[in-house]
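Only one structure is covered here, and it is reproduced in the block below.
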Amino acid sequence: MATGLNSGVYKLVLTLHILAAIVGFGSVFLAGVFGAKAQARGGREGLAISEVVFDVAEHWSTWFIYAVPVLGIISILLSQDAWKFSQMWISASFLLYIVGVGLSHGVHFPNLRRMNALGAELLAGAAAPAGGGPPPQAAELEACGKKAAAVGMVLNLIVVAILFLMVFKPGL
């Protein structure tokens, strides 16, 4: 009977690990493109796009993203010491993952939530300042959009770095 990296159980868990990464990270990797499309559409259509993208990220993708390290840990344990937590590529991947999840929940999700709220306020007819000009929500929405783009780019770079570590296994 095959054991370690050749066992059917290991290969099944590894397949689920990769599938969770594809579905979880893949479904949010292009969120910036959807954000740009939402901004270009504007109005109710733009807000609907933003709300759906955020809902998918927060309520669907996140669960697959959470499954990635769980399945990775199980894969390491099933590898019969072919992979070890002390290997640099594994430790670095876990560290980057933790940074990415922290950045997502601590900065990105609250910012995206605020953007959707601001968009809803603008659609509801936010009042312009007494001196004229656009409502204050418009400037805040623009600032939040820039922050979302920057944080989204950092999160995507983290995913690319983790993928590099998983494929090339530096320090093995």
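The values are calculated or read from the model by the stated rules, or taken from the named source; none is laboratory data. Not measured: the values here are computed from a predicted model. Here the Cβ positions follow ideal geometry from the backbone for every residue, glycine too, while neighbour counts run over all protein chains shown. Ligands, DNA and RNA are stripped out before the accessible areas are found, and what is left, the full protein with its side chains, is counted by its heavy atoms. Shrake-Rupley method; radii C 1.70, N 1.55, O 1.52, S 1.80 Å.
The residue list Ala40, Ala48, Ala82 contains one member that is in contact with a helix residue (DSSP H, G or I) (Cβ under 7 Å, 6 or more places away or on another chain) and among the small types (Gly, Ala, Ser), which is Ala82.
Counting residues in region 144-152 that are in contact with a His (Cβ under 9 Å, 6 or more places away or on another chain), more than 26 Å from Tyr10 (Cα to Cα), free of Cβ contacts under 8 Å to residues at least 60 places away in the same chain and open to solvent by less than 50 Å² (accessible area, probe 1.4 Å) gives one or more.
Scanning region 82-95 for residues that are farther than 15 Å from Phe168 by Cβ and in contact (Cβ under 8 Å) with a residue 40 or more places away in the chain yields a single hit, Ala82. Within the set Phe29, Phe54, Phe34, the sole residue that is more than 30 Å from Ala124 (Cβ to Cβ), of a type in the set (Phe, Trp, Tyr) and in contact with a helix residue (DSSP H, G or I) (Cβ under 7 Å, 6 or more places away or on another chain) turns out to be Phe29. When Leu141 is tested against the conditions (1) touching a residue at least 60 places away in the same chain (Cβ under 8 Å); (2) surrounded by 18 or more Cβ atoms within 10 Å (Cβ to Cβ); (3) touching a Leu at 6+ places or on another chain (Cβ under 8 Å), the lone failure is (1). Of the listed requirements (1) modelled with pLDDT under 90; (2) of a type outside the set (Phe, Trp, Tyr); (3) surrounded by 15 or more Cβ atoms within 10 Å (Cβ to Cβ), Ala128 misses just one: (3). Within the span defined as region 37-52, every residue fails to be open to solvent by 40 Å² or more (accessible area, probe 1.4 Å) and under 20 Å from Val159 (Cβ atoms).
Pairing residues of region 1-15 that are touching a residue at least 24 places away in the same chain (Cβ under 8 Å) with residues that are open to solvent by less than 50 Å² (accessible area, probe 1.4 Å) and outside any helix (DSSP H, G or I), at Cβ distances under 8 Å and at least 6 apart in sequence or on separate chains, gives Gly4/Ser79; Gly4/Ala82; Leu5/Ser79; Leu5/Ala82; Tyr10/Ser79. Based on what the data block shows, is Phe94 surrounded by 13 or more Cβ atoms within 10 Å (Cβ to Cβ), within 30 Å of Thr3 (Cα to Cα) and not polar (S, T, N, Q)? Against the criterion (surrounded by 13 or more Cβ atoms within 10 Å (Cβ to Cβ), within 30 Å of Thr3 (Cα to Cα) and not polar (S, T, N, Q)), Phe94 qualifies. If only residues of region 62-73 that are surrounded by 17 or more Cβ atoms within 10 Å (Cβ to Cβ) and either of a type in the set (A, V, I, L, M) or farther than 20 Å from Asn156 by Cβ (or both) are counted, the one that is nearest to the chain's Cα centre (by Cα) is Ile65.
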